[in-house]
1. Cβ-Cβ distance below 6 Å, separation of 6 or more or different chains: which pairs start in segment 173-188 with a residue that is in contact (Cβ under 8 Å) with a residue 12 or more places away in the chain and assigned to a helix (DSSP H, G or I) and end on one that is buried (at least 18 other Cβ atoms within 10 Å of the Cβ) and charged (D, E, K, R)?
2. May I ask you to list the residues in segment 264-276 that are modelled with pLDDT of 80 or more and either of a type in the set (Lys, Arg) or more than 30 Å from residue 320 (Cα to Cα) (or both)?
3. Just give me the residues in segment 69-101 being without any contact (Cβ under 8 Å) to a residue 60 or more places away in the chain and of a type in the set (Ser, Thr, Tyr), in sequence order.
4. Kindly list, by first and then second residue, each pair from a residue in segment 335-348 that is under 14 Å from residue 311 (Cα atoms) to a residue that is among the charged types (D, E, K, R) and buried (at least 23 other Cβ atoms within 10 Å of the Cβ), limited to pairs with Cβ atoms under 8 Å and residues at least 6 apart or on different chains.
5. With the requirement that a residue be of a type in the set (Val, Ile, Thr), crowded, with 19+ Cβ neighbours inside 10 Å and farther than 18 Å from residue 397 by Cβ, what does segment 322-365 give you?
6. Quickly run through segment 113-143 and pick out the residues that are in a helix (DSSP H, G or I) and β-branched (Val, Ile, Thr).
7. Can you confirm whether residue 110 is buried (at least 21 other Cβ atoms within 10 Å of the Cβ) and in a helix (DSSP H, G or I)?
8. Kindly provide the set of residues from segment 282-331 that are of a type in the set (S, T, N, Q), over 17 Å from residue 351 (Cα atoms) and more than 25 Å from the chain's Cα centre (by Cα), ordered by number.
Amino acid sequence: MIQEGRRWIGKLTTDTVFRNSMILIAARIGTKIATSVLLIYVARMLGDVLFGTFSTILMLVAFFGIFEEFGFTVPLIRRIAHRTVPAGRLLGEVVVLKSILGVVAFSALIVSTYFTFPIPAVFCVFGISMVLEMMNVSLMRGFEGREKMSNISFILLWEKSVLCMVSITALACGFGLFGVGVAYIASNIVSMIVSFRFWRNEGERIVFSIERARALELIREALPFAFAALVAALYMRIDTFFLVYYRPVSEVGWYNAAFRISDAQLFIPSAIVASVFPILSRTFEGNRGEFIRQYRRTFFILMTIGSTFALVCSVFAGQIIVLLYGTPYAHAADSFRLLSWVMPFYYVNILIGNALIAMGKEKIVTAAITLGAVFNIGMNALVAKEFGQVGASSVKIATEMVAFAFQFYFFHQILPIRGTYLRRG
């Protein structure tokens, strides 16, 4: 009877984890597609020069947003899951800390752009959206600690729906970039209202106060996550910074138009790896043969999908760019043709990184991302000025290859795999 009870509890837990994972994956895939479609529409309506400015704004907002986020969300989720302190009190403390850091991040954003860009009002609007978004992230993702993934999905649905509707309306009415910034503010406000409502339904009253000792603990716990987020940002988006500094803003628009198409497809490996990660985690210690079989099969699938996308996109790069963005973005085809070949390496890098995490080797993944960030910065500093978007695209490929070689080497040092590598099982 006891054994049956244990099996039933184990099955219930597994089913809950699987269901929650699938709900969250579906929500993120849906919002990724919606956001990508919206960005294509924004690019067509703004034109290459203003879209270059928009891409610059998003890059700077993401960078300064790291300082407001400060890695608080992951420790927050863990503490809510442990239930040692009321979730409402934890959420209130994190929101207050982020609001203080948000003022600093907002000020730094405005000061850093005031003498460079002739549209400070637009940066102010997007800066306000940044402050709200970082606070909203904690309010929304806090539900992960309660395993309420359906709440997160519902909040994301509201947020992206408002963003799309207000952005399209603002652009149609001629409000341009300022209107898009207002749309970001509106979507974050709506998302926060829905989050507060769900927390109230959970019986939690959010208390906006700080307990000094606990706040210091949160800061210490969050520091490694803040560092990891900063390195990841440098790894992924430092190329836009160099293009902004060295090249015309229209070229920034072309490059980011090409990048958005490649980036939109990355939900595919993320969804596949998310479904196989629990299996890898479970089988590494107990069943190495099954671990290798699942890893090898997933590697084959991801490399096949990534290579197929790369081949098709590189051959038809010009037609795809003009179809999606229009003729003003025809020059983006050069970047897109190169960026297409990032996909095979990025696809399998996600798998190898998660496999290493399943093996308890997170430091190797962190080292790979740090190495990639340093390589990306150094190479872009050398080539961005002279070669522009083509140079940045080439460096993007090389960065993923460096990260792939690093992770692949250490993975096989820990767990050698014999025989033909690229096969189904």
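The values are calculated or read from the model by the stated rules, or taken from the named source; none is laboratory data. Just so you know, these numbers come straight off a predicted model, no measurement behind them. Backbone-built Cβ (ideal geometry, glycine too); neighbour counts: all protein chains shown.
1. Final answer for the pair search is 187/159; 188/133.
2. Hit for segment 264-276 is 276, nothing else.
3. Result: 84, 99.
4. From residues that are under 14 Å from residue 311 (Cα atoms), the pairs are 338/396; 339/396; 342/396.
5. 364, 365
6. 113, 122, 125, 128, 131, 137, listed by residue number.
7. no
8. Our first condition is that a residue be of a type in the set (S, T, N, Q); within segment 282-331, this holds for 283, 287, 294, 298, 304, 307-308, 314, 319, 327.
Pick out the ones that are also over 17 Å from residue 351 (Cα atoms) and you get 287, 308, 314, 319, 327.
Residues satisfying the conditions are 287, 319, 327.
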